[in-house]
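The values are calculated or read from the model by the stated rules, or taken from the named source; none is laboratory data. This structure is a prediction, so every number in the text was calculated from the model and none was measured. Every residue, glycine among them, receives a Cβ derived from its backbone with ideal geometry; neighbour counts consider all protein chains shown. Surface areas here come from the heavy atoms of the whole protein model, side chains and all, with no ligands, DNA or RNA. Shrake-Rupley method; radii C 1.70, N 1.55, O 1.52, S 1.80 Å.
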Amino acid sequence: MSDIGGNRLQFRDPARAAAMAEMLERLVREIGRDPVSVMHVCGSHEQAIARFGLRAIFPRQLEVIMGPGCPVCVTDMPEVDEAVALAEDGVRIATYGDMLRVPGTARSLADAQAAGAKIDVVYSVAQAAQLAAKLDEELVFFASGFETTAVATAALILSGPPANLSILSAHKYIPPVMEIVAEMPQTRVEGFLAAGHAATITGCAIFERFVERHGIPVVVAGFEPLDILAGLGKLLELIRDRRAEVANMYPRCVRREGNLRAQEVLWKVFRTVGGRWRGIAHVPNGNLRLRDEWSHFDARRRFKIDVSRLWEFAPPSLAQSCICGDIMAGIASPSACTLFNKECVPDNPVGACMVSSEGTCRIWHQYGGQLDLRDS
Ligand code: SF4
């Protein structure tokens, strides 16, 4: 097929999907354990799995867990607090729409906006720069997202943005958190499905050391239904054969070494530092912060950010029942949360996983909240 729509349909072909589902059945039978647990680390994978109803054709013994793959969900409360404190101090903030309702310790950016703070929703860091160019006041871009989005932020910094623009980075770097999940004592993950879009930047070779250290296979997969089924098939094959290897099942986009130009841009502007991921843990090298040479664009250096006044508030009592951390670590499902689809819904989210379109709770809410369509 030559047209783009045709190519997409090729990756959604029901007959091939059915054949691949049979292959998955055969592989879990050959592995002979129940369950066989694998984790994907990407909200886009969970969206595709839910949207296309793939869990309905997964073997019952195959447990596909969503890990910490939603960048909005893992933005930690103190990071949200920094943006809220700046906004309440009168500094204009631009950020992605999902970031508005992510709860901070006391308030979200949406709460600050309702109280009169100047907050603009943008779709990209480039749009934030265009906005800054029209303003005669400071504009802080509250930047979230993994290495894929961080590259765009880095490219903008290198392009020489308006002097009144600065960056409050909540960018995260995925590979280190996989180490944390793999080392959790409660973890039952036997293999990882890695996100194809992040791997277009980092390359699949980045997972080789992880595989060596943990003896767990990693398969890079794309986002069409057949990409995911093929990725799972390869992962089960490696688990069955006890082969701890990296496999690239997204070769039409991902190369072993990745996008070297994008990596150069990313690491020229950012460095990794340790930091908390909401609800999960302190992740060594898991946060991306601006290097010293770009400190003039760093909102943390440009402004004195006092978050202490927000920390006098205890988190709302409902929030203490939120188990987002366990969900993102892959040791619980949204249905295990007593608030899921009751007190916590997208219009009134209690935890971050219900806010973003990439959050597990939000995705489960949107697509029916059932693990397995065959149970309905
Ligand atoms: Fe947190 Fe809401 Fe998900 Fe429960 S349903 S874990 S409160 S986000």
- Task: Go ahead and set up a Gaussian network model of the chain, Cα springs under 10 Å, then flag whichever of Ile93, Ile305, Ile216 fluctuates most.
- Result: Ile305
- Phi-based couplings in Hz for region 100-106 (Karplus 6.51, -1.76, 1.60; Gly and Pro marked x): 4, 9, 5, x, x, 4, 10
- Task: For every helix of n ≥ 4 consecutive DSSP H residues, a contribution of -39,500 (n - 2.57) applies; sum these over the chain, divide by its total residues, and give [θ] at 222 nm rounded to the nearest 500 deg cm²/dmol.
- Result: -11000 deg cm²/dmol
- Regarding region 318-367, what are the three Cα extents along the principal axes, ordered largest first, in Å? 25, 22, 15
- Which of the cysteines in the chain are isolated, no other cysteine C-beta under 4.7 Å? Cys42, Cys204, Cys253, Cys322, Cys337, Cys344
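Restricting everything to alpha-carbon atoms, can you work out Rg to Rh for region 221-376 with a Kirkwood hydrodynamic radius?
Rounded to two decimals, Rg/Rh equals 1.04.
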- Task: At 7 Å along the Cα-to-beta-carbon direction for both Asp136 and Ser357, put a label point, then send me their distance in nm to one decimal.
- Result: 3.7
- Scan around Cys42 for amide H atoms under 5 Å from its own, H built in the peptide plane at 1.01 Å from N, and keep only partners 5 or more places away or cross-chain. Gly67, Gly69
- Of Cys361, Ile174, Leu318, farthest towards positive along the dipole that unit charges on Lys, Arg, Asp, Glu beta carbons give the chain: Ile174
- Return one number: the angle in degrees, 0 to 90 and rounded to the nearest 10, between the long axis of the Cα atoms of helix 225-240 and the longest principal axis of the Cα atoms of the chain. 70
- Once phi is turned into θ = phi - 60°, what whole-Hz ³J(HN,Hα) does the Karplus curve with 6.51, -1.76 and 1.60 give for every residue of region 326-331, x standing for Gly and Pro? 5, 5, 6, 7, x, 10
- Message: Under 5 Å between amide hydrogens, which residues at least 5 positions from Ile167 or on another chain qualify, with H placed 1.01 Å from N in the peptide plane?
- Response: Phe141, Asp298, Ala299
- Residue-wise HN-Hα coupling along region 58-69, computed from phi with Karplus coefficients 6.51, -1.76, 1.60 (Hz; x: Gly, Pro): 5, x, 4, 6, 9, 9, 9, 9, 8, x, x, x
- Message: Give me the one-decimal nm value for the distance between modelled label points at Arg301 and Lys268, 7 Å along each residue's Cα-to-Cβ direction.
- Response: 1.7
- Item | Two-site label geometry, Glu293 and Glu245: point separation in nm, points 7 Å out along Cα→Cβ | 4.0
- Considering only protein heavy atoms and a 1.4 Å probe, what is the carbon-and-sulfur percentage of the accessible area of region 106-249? 51
- Query: Taking the chain as a Gaussian network, where each spring joins two C-alpha atoms under 10 Å apart, which residue of Trp277, Trp294, Trp364 fluctuates the most?
  - Reply: Trp294
- Message: From the convex hull of the Cα coordinates of the chain, what is the mean projected area in square nanometres?
- Response: 19.2
- For the chain, find the longest principal axis of its Cα atoms and tell me its angle to the long axis of helix 174-183, 0 to 90°, nearest 10. 60
- Message: Against the empirical 2.2 N^0.38 Å scaling, what ratio does the C-alpha Rg of region 115-230 come to?
- Response: 1.39
- Set the Förster radius R0 to 30 Å, insert the Cβ-Cβ distance between Glu312 and Ala114 as r into 1/(1 + (r/R0)^6), and round the FRET efficiency to 0.05. 0.90
- Query: What angle do you read, to the nearest 10 degrees and between 0 and 90, between the alpha-carbon axis of helix 125-134 and the longest principal axis of the chain?
  - Reply: 20
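So if I place +1 on the C-beta of Lys and Arg and -1 on the C-beta of Asp and Glu, and nothing else carries charge, what would the dipole magnitude of the chain be about its Cα centre? I want it in debye, nearest 20.
Numbers: 40 positive and 44 negative charges, 106 e Å.
Here the size comes out at about 520 debye.
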- Message: Students often check this: by mean Cβ neighbours within 10 Å, which of 235-246, 166-177, 345-356 ranks highest, and how do the rest follow?
- Response: 166-177, 345-356, 235-246
- Full extension between Arg33 and Tyr123 adds, at 0.36 nm per residue less the Cα distance, a length in nm of 28.0 nm
- For region 242-376: accessible area per residue (Å², 1.4 Å): 54
- For peptides 10-16, 111-117, sequence by mean Cβ density within 10 Å, most packed first: 111-117, 10-16
- Task: Taking amide H positions as placed in the peptide plane 1.01 Å from N, state which residues far from Val36 in sequence (5 or more) or on other chains have amide H under 5 Å from it.
- Result: Leu62, Glu63
- For Arg256 and Gln366, what does the FRET efficiency come to when R0 = 45 Å and r is the distance between their Cβ atoms, rounded to the nearest 0.05? 0.80
- Top mean-square fluctuation among Phe52, Phe210, Phe223, Gaussian network model of the chain, C-alpha springs under 10 Å? Phe52
